[in-house]
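The next block holds one structure in the form of structure tokens; read it before the comments.
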Amino acid sequence: MSNTDTILLPLPSSDFVNRVVDKSMTKVRIMYEELQTVGDPELFKNQYGDSPAARGSFACETQANVMRPGWAQESVSGDWMVIINTDLFPQKVRTESCSRPNEPCSFISPYYDSTCQQRYSLHRLLAVYPHDPNRSPVVALFKFPAGCSCRVDPVRKNDIEQRKIRK
């Protein structure tokens with residue numbers, strides 16, 4: 001299965017998640033608190049101002065979203081896991097998806113090949129194995145879209161000549 005394939009899974013039953021959490025409440029509470037530590041706010045200041053217009057335009061635009069995932073594919077094993085997302089233990093992930101994946105980047109000279117490529121980051125989330133409700137919840141790594149980068153490759157000399165002819 002490629003990264004672009006989408007699997008639609010039913011939302012996990014809140015009863016299932018609540019039963020698993022209730023059995024391991026102390027452990028879940030400790031793991032959840034450890035995951036909620038926040039870094040120094042100074043590290044997150046935007047040096048360009050708050051509005052996108054203050055920063056100019058990007059070569060590859062993104063669409064940002066904040067989600068509370070119900071299912072996610074664990075990054076190491078590839079197993080699909082149920083993410084613990086309850087009123088008591090909410091887990092949100094901010095994602096940024098390429099608006100135009102695999103398309104040429106904006107503002108790049110035709111003498112270069114450019115492509116907008118999806119970037120990913122790993123997030124640690126509390127999760128449970130759906131097929132083993134007796135197993136304790138775990139902190140696992142999940143990959144989510146985190147930005148879009150412009151990959152630029154120089155065009156070979158023969159390709160430049162062909163592009164001049166086409167104009």
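The values are calculated or read from the model by the stated rules, or taken from the named source; none is laboratory data. In this text the structure is predicted, and so the values were computed from the model without any measurement. Every residue, glycine among them, receives a Cβ derived from its backbone with ideal geometry; neighbour counts consider all protein chains shown.
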Residues of the stretch 119-159 being closer than 20 Å to SER14 by Cβ and more than 19 Å from the chain's Cα centre (by Cα), in sequence order, are VAL128, TYR129, PRO130, HIS131, ASP132, PRO133, ASN134, ARG135, SER136, PRO137, VAL138
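Kindly provide the set of residues from the stretch 84-123 that are touching a Leu at 6+ places or on another chain (Cβ under 6 Å) and loosely packed, with under 15 Cβ neighbours inside 10 Å, ordered by number. Walk me through it before giving the result.
Of the residues in the stretch 84-123, the ones touching a Leu at 6+ places or on another chain (Cβ under 6 Å) are 84, 91, 122.
Result: LEU122, single match.
So in the stretch 42-75, with the set limited to residues that are among the aliphatic types (A, V, I, L, M) and loosely packed, with under 10 Cβ neighbours inside 10 Å, which one is modelled with the highest pLDDT?
Let us first name the residues in the stretch 42-75 that are among the aliphatic types (A, V, I, L, M), namely 43, 53-54, 59, 64, 66-67, 72.
Next, from what is left, pick out any that are loosely packed, with under 10 Cβ neighbours inside 10 Å: 43, 53-54, 66.
Working: LEU43: 58, ALA53: 51, ALA54: 60, VAL66: 95.
Restricting to residues being among the aliphatic types (A, V, I, L, M) and loosely packed, with under 10 Cβ neighbours inside 10 Å, the top hit is VAL66.
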